[in-house]
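One structure below.
None of the figures in this text is laboratory data; all of them are computed from the coordinates on show. The shown structure was predicted, so the numbers you read here are calculated from the model rather than taken from an experiment. Note that we place each Cβ from the backbone using ideal geometry, even for glycine, and neighbour counts take in every protein chain shown.
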Amino acid sequence: MTFLHRKEFWFDLCIVDGDHRHTAALADLLNCARFAGPGAVILVDDSTQAPVFNAVKDFLQLRPEWREIGGAIAGHSPAAAFTSMRPSFEGPPFLVLAGPDYPGIGRHLYSAGATLGQPVHGIGLDLARPAQSGMLQSRFTISYVDESQPHMVQADATLDVASGSRRVDLRLAEPLGVGGGQSVTAEACLYWHGPDDESVLALAGPVRFLVD
């Protein structure tokens, strides 16, 4: 329950062993990566089931900062589509995926969420290494129910980040929330535009929602 409401911590290890359909396994992998910390590992069970194996292949295309460490994906041959499927190592049927040294915000969508009882003023980032100069773009969304009616409110903000920054606070022009201390579901969608395609904001900790 704490994770569902706060979502402000990271996992070091995730085990994917759920619905074995391709789309479900791919969704599990993407969600694991979203909440994975520095150097995290994902173990994918039942790796020789074709939908699961191919979900891992597609995940690695979508998230190239992750890698499979046993050579099973690189060694897979379409000419032997089923017989060349194998786990990362002999033994349990696991594919072992290793994440980047630090999660990063780059030119692909990065999102963070939380359930909050106060208006959202922005987000704060603690960086694992000094930033390059660039622009951080954001779209904040809050969702809540008032008198049985659902509501959604959005606001955008951008911030020019100076080279060498180790902490970034991006604030909205006006706080986003509702009165009376009502809980809202908040999401921040982020893009980083640095000096080149490889530039990222390397995160030392989870994104923090600023509430004052």
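Classify the range 92-158 as rounded, prolate or oblate from the Cα gyration tensor: take a ≥ b ≥ c as the square roots of its eigenvalues, call it rounded if a/c is under 1.5, otherwise prolate when a/b beats b/c and oblate if not. The shape class here is oblate.
When a/c reaches 1.5 or more, the comparison of a/b and b/c decides; with that in mind, is the range 105-210 rounded, prolate or oblate per its Cα gyration tensor?
On the way: a/c = 2.56, a/b = 2.28, b/c = 1.13.
Prolate.
In order along the range 48-64, phi translates into HN-Hα couplings of 8, 6, 3, x, 5, 4, 6, 5, 5, 4, 5, 4, 5, 6, 6, 10, x Hz, rounded to whole numbers, per the Karplus curve 6.51 cos²θ - 1.76 cosθ + 1.60 with θ = phi - 60° and x for Gly and Pro.
Normalised by the number of residues in the chain, the mean separation of alpha-carbon contacts (under 8 Å, six or more apart) gives a relative contact order of 24 percent.
For the range 32-38, 3J(HN,Hα) computed residue by residue from phi via the Karplus equation (6.51, -1.76, 1.60; θ = phi - 60°) reads 4, 5, 4, 10, 8, x, x Hz, glycine and proline entered as x.
Calculated from DSSP H runs of 4 or more alone, at -39500 (n - 2.57) each and per residue, what is the 222 nm mean residue ellipticity of the chain, nearest 500?
Values: 3 runs with 31 residues, N = 212.
Taking each H run of at least 4 residues, the total per residue is -4500 deg cm²/dmol.
Looking at the chain, send over the antiparallel percent of its DSSP beta bridges, to the nearest 5. Percent antiparallel among DSSP bridges in the chain is about 90.
Placing a label point 7 Å from the Cα of THR158 along the Cα-to-Cβ direction, the residues of the range 100-136 with a backbone N closer than 14 Å are 134-136.
How big is the range 2-101 by the Kirkwood estimate over distinct Cα pairs, in Å?
Values: mean 1/r = 0.0731 Å⁻¹.
Result for the range 2-101 stands at 13.7 Å.
Compactness of the chain is given as radius of gyration and Dmax, 19.4, 62 Å, from Cα positions. Assuming charge only on the beta carbon of Lys and Arg (+1) and of Asp and Glu (-1), the dipole of the range 66-210 about its Cα centre is about 280 debye to the nearest 20.
Phi angles of the range 193-206 translate, via the Karplus equation with coefficients 6.51, -1.76, 1.60 and θ = phi - 60°, into HN-Hα couplings of 10, x, x, 8, 5, 8, 5, 9, 8, 7, 8, 8, x, x Hz per residue; Gly and Pro are given as x. Under 5 Å between amide hydrogens, built in the peptide plane, is the criterion, and for VAL161 it picks out GLY134, MET135, LEU136 among residues at least 5 positions away or on other chains. Lacking any other cysteine beta-carbon closer than 4.7 Å, the following Cys residues of the chain have no compatible partner: CYS189.
Under the combined filter of DSSP loop state and at most 13 neighbouring Cβ atoms within 10 Å, the range 54-148 retains these GluC sites (Glu not before Pro): GLU90, GLU147.
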